[in-house]
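Data first, discussion second: the structure below is written as C-alpha cells.
The values are calculated or read from the model by the stated rules, or taken from the named source; none is laboratory data. Note that the coordinates shown come from a computational prediction; the quantities given were computed from them, not determined experimentally. Neighbour counts run over all protein chains shown; Cβ positions are idealised from the backbone, glycine included.
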Amino acid sequence: MAILEISGLSKTYSGGTVALDHVDLSIERGEIFALLGPNGAGKTTMIGIVCGLVTPTSGSVTVEGENWRSDYRKVRRKIGLVPQELHTDAFEKVLDTINFSRALFGKPADPAYIEQLLRDLSLWDKRRAQVQELSGGMKRRLMIAKALSHEPDILFLDEPTAGVDVELRRDMWRMVGGLRERGVTIILTTHYIEEAEEMADRVGVITGGKLILVEEKNALMQKLGRKRLTLNLDTPLDAVPPELAEWDPQLAAEGHELVYEFDAKAEHTGVPSLLRRVSDLGIGFSDLNTRQSSLEDIFVELVHRKEDAA
C-alpha cells in the first residue's frame, strides 16, 4: 500500500493562475521520489497542499489511507517539511527551537534523539546559540533538524540544497541515505538534477501545473536517454560537410569536435556508416568517445516537448 496518494489535485489562484492541474501521484513507502520542474511549475504548491499550508481547489490527499482534511492533525504528525525559505524565531536558542517543534506535534521529550539529530547536522556545538547568530548554512541545517524533530514517516525537501555550501550538501545527502535505511519516505524538489540522478528511485517531471511523467529513474534513462558520439578532429572544420547532412552532426569546440547524437536502442544507430563516410572524406580524428544522456538532458527534452505541444 502506498504511503501517500494524491488524486485529482488542482489549485487555481484568485487571479486565475493555474498552479496545479489534476495531479495524480502515488508514493511508495521508503522510496526517494524526485520532483523536477522549472520555476513556477507547481512543485512548491503541491508540497504546500500536502502539508496543509495551501488550500486546493479540488482533489484529495491520503497518508496511509487517512484523509488529510478529516484527520489533519494525525496526518500532519506523519510529515516533516524543509521549506525553501528560512522561517524561525531569531532570538530563540537552537535547542529550544528543536524541542519546541517536537512538542508541537505531541511528541514526548527525547533528549537522546535530539542530541543525535543535532550532532548529525553539526549543530550540537551551536545548541545554546541564538538562531540569529547562525550562518546561512547553519540556519538551513536548523530547518532540517526542525523537520525531523518529531520523527516523521514522510519528509518533504523543497529545494533543500539551493544556495548552500558543498559540505552541507554532502552532509544532507548522507543523512537522507540514513533516513531511507530507517524506512522514511523522502520527496524532494531540486534544481541540482545530478542529485536526483544519484539519489532518487523514481522521478516525476512537472511543468505548467501538469505532472507529465512519472517513471523509475533507470527505466526513464533507458527509455528516453540518447547517446552522443564525439570525434576529436585532427584539423578543425569551419562547417559540417554537406556529405554528412543525413546524420546531422554538429560542430563543437570551435570546430575541433564533430558531435553526433543517436538512439542507442535503434536497430541502426548510423554510427558505422557515419564513421565510414568521415573516413571517405579524408576527415581525420585522433579520438572518439560516447556519452549517455544525463537526467538533465532528458528533463530539458521533456519540458521542451511539452511546451512545443501546447
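Exactly one residue among 231, 251 is assigned by TED's automatic domain parsing to the domain that holds residue 286 and touching a residue at least 40 places away in the same chain (Cβ under 8 Å), and that residue is 231.
The residues listed here are 151, 181; of these, the one that is without any contact (Cβ under 8 Å) to a residue 12 or more places away in the chain and closer than 30 Å to residue 109 by Cβ is 181. Exactly one residue out of 122, 135, 149 is small (Gly, Ala, Ser) and on the phi > 0 side of the Ramachandran plot, and it is 122. Checked against (1) modelled with pLDDT of 90 or more; (2) among the polar types (S, T, N, Q); (3) out of contact with any Ser or Thr (no Cβ under 6 Å at 6 or more places or on another chain), residue 149 passes all but condition (3). Scan the stretch 221-252 for residues that are at pLDDT 90 or above and part of a loop (DSSP other than H, G, I, E, B) and the total you get is 13. The residue that is modelled with the lowest pLDDT, among those in the stretch 79-108 that are of a type in the set (A, V, I, L, M) and surrounded by 15 or more Cβ atoms within 10 Å (Cβ to Cβ), is 82.
Filtering the stretch 200-220 to residues that are surrounded by fewer than 18 Cβ atoms within 10 Å (Cβ to Cβ) and either assigned to a helix (DSSP H, G or I) or without any contact (Cβ under 8 Å) to a residue 12 or more places away in the chain (or both) leaves 218, 219. Looking at the stretch 67-75, is at least one residue in the same structural domain as residue 193 (by TED's automatic domain parsing), touching a helix residue (DSSP H, G or I) at 6+ places or on another chain (Cβ under 7 Å) and closer than 26 Å to residue 182 by Cβ? Yes: the stretch 67-75 contains one or more residues that are in the same structural domain as residue 193 (by TED's automatic domain parsing), touching a helix residue (DSSP H, G or I) at 6+ places or on another chain (Cβ under 7 Å) and closer than 26 Å to residue 182 by Cβ.
One residue stands out among those in the stretch 257-287 that are within 35 Å of the chain's Cα centre (by Cα) and assigned to a loop (DSSP other than H, G, I, E, B): the one that is surrounded by the fewest Cβ atoms within 10 Å (Cβ to Cβ), which is 267.
Considering the stretch 11-20 alone, what residues qualify as being crowded, with 17+ Cβ neighbours inside 10 Å and either touching a Gly at 6+ places or on another chain (Cβ under 6 Å) or at pLDDT below 95 (or both)? Correct list: 19, 20. The residues of the stretch 98-124 that are within 16 Å of residue 168 (Cα to Cα) and of a type outside the set (A, V, I, L, M, F, W, C), listed by number, are 119, 120, 122.
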